[in-house]
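Enquirer: To start, I am sharing the structure in question, which I have written as structure tokens.
Nothing in this text is a laboratory measurement; each read-out follows from the coordinates by a stated rule. On a predicted model such as this, the values are computed, not experimentally measured, just so you know. Heads up, the Cβs are rebuilt from the backbone with ideal geometry, glycines too, and the neighbour counts pull from every protein chain shown.
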Amino acid sequence: MAKISKSVFWIIIFASALFIAIQSSAYIYAPLSEVRLKPDDGEALAFRLHGLGGILALVFGPLQFIGYLRKNHAIVHHWIGGLYVVAVAIGATGAVIMAANPIGNEANSFAFYMLAALWVLSTAQGFRFALQRNFTEHKKWMLRSYALTFAAVTLRFGIGGLIFGLSFPEAAAYTVVAWASWTINLIILEWFLLPALMRRSAK
């Protein structure tokens, strides 16, 4: 039963990530005025980098946690993990530049700087522990990294829910999700998912 629940969880995560990745694909090629609420031609390259890196990280991320690949096709797992790390590096580079010109108030800028910094830090930690062959810590940090990657999903669903479901003003909704999109993900991971993972590993 636990295995079925875990499989359903990851199917939902991957389906949500794939949906947002497809929806966001225009970020790579469409005119900035069509896909950015606050277009700035000086940010065009940063926006493309963030879009490309974020989309690839969303798609590659869940594949790292497929137990079958880790156990039976380690080289595939290593390649997927490497591509994920590169995708995060690309996406975070664009994110840091874009954070200087946020939608909404200046507090949003700090939120996105924090997200970018933690995204890089958690991914680097995951990569470091993989090189050290400390796979328990490696998995924990890569889960943290993907929780931050998944902020792209919670942000978009959150924006839609606040604006269209609760009639929030756009600027206020964006301020809420700038912080909530990644802090909620980390809280759920740290308080619920990681303890459950550690309990299963101890058995």
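Enquirer: Which ³J(HN,Hα) values in Hz, rounded to whole numbers, follow from the phi angles of region 55-64 under the Karplus curve 6.51 cos²θ - 1.76 cosθ + 1.60, where θ = phi - 60° and Gly and Pro get x?
Expert: Per-residue couplings from phi come out as 5, 5, 5, 4, 7, 6, x, x, 5, 5 Hz.
Enquirer: Can you put Thr123, Thr175, Thr93, Thr136 in order, fewest other beta carbons within 10 Å first?
Expert: Starting with the residue having the fewest Cβ neighbours, the order is Thr136, Thr93, Thr175, Thr123.
Enquirer: Follow-up. So for the chain, averaging the separation of alpha carbon pairs under 8 Å that are six or more residues apart and normalising by length, what relative contact order in percent results?
Expert: Normalised by residue count, the contact order of the chain is 18 percent.
Enquirer: Hey, another quick one. Calculated FRET efficiency, Thr136 and Lys6, Cβ-Cβ r, R0 22 Å, to nearest 0.05? Write down the numbers at each step before the final one.
Expert: Numbers: r = 17 Å, r/R0 = 0.78.
So, using R0 = 22 Å, E works out to roughly 0.80.
Enquirer: Which residues does a label at Leu32 reach in region 90-130, if reach means a backbone N under 11 Å from a point 7 Å past the Cα toward the Cβ?
Expert: 98
Enquirer: Work out the P(r) tail for region 95-196: percent of alpha carbon pairs separated by more than 24 Å, whole number. Could you put the intermediate results ahead of the total?
Expert: Details: 1501 of 5151 pairs.
In whole percent, the long-distance tail amounts to 29.
Enquirer: Another one. Please name whichever of Val85, Phe110, Ile22 sits farthest to the positive end of the charge dipole of the chain, dipole taken about the Cα centre and charges placed at Cβ: Lys and Arg +1, Asp and Glu -1.
Expert: Checking the options against the dipole of the chain, the answer is Val85.
Enquirer: Over the residues of the chain, compute the C-alpha Rg and express it relative to 2.2 N^0.38 Å.
Expert: 1.04
Enquirer: What's the FRET efficiency of Leu63 with Ala15 using the Cβ-Cβ distance as r and R₀ = 22 Å, to the nearest 0.05?
Expert: It comes to 0.95.
Enquirer: Next up: Any number yet on Rg/Rh for region 45-102, C-alpha, Kirkwood? Please report the intermediate quantities before stating the final value.
Expert: Details: Rg = 13.5 Å, Rh = 11.9 Å.
Over the Cα atoms of region 45-102, Rg/Rh equals 1.13.
Enquirer: Now for a different question. Report the label-to-label distance for Lys71 and Val86 in nanometres (one decimal), using points 7 Å from each Cα along the Cα→Cβ vector.
Expert: 2.9
Enquirer: Also, quick follow-up: Summing -39500 (n - 2.57) over the DSSP H runs of n ≥ 4 in the chain and dividing by its residue number, what mean residue ellipticity at 222 nm do you reach, to the nearest 500 deg cm²/dmol?
Expert: -25500 deg cm²/dmol
Enquirer: For region 40-155, what size does the Cα cloud have along each of its three principal axes, sorted from largest down, in whole Å?
Expert: Principal-axis extents of the Cα atoms in region 40-155, largest first: 47, 23, 22 Å.
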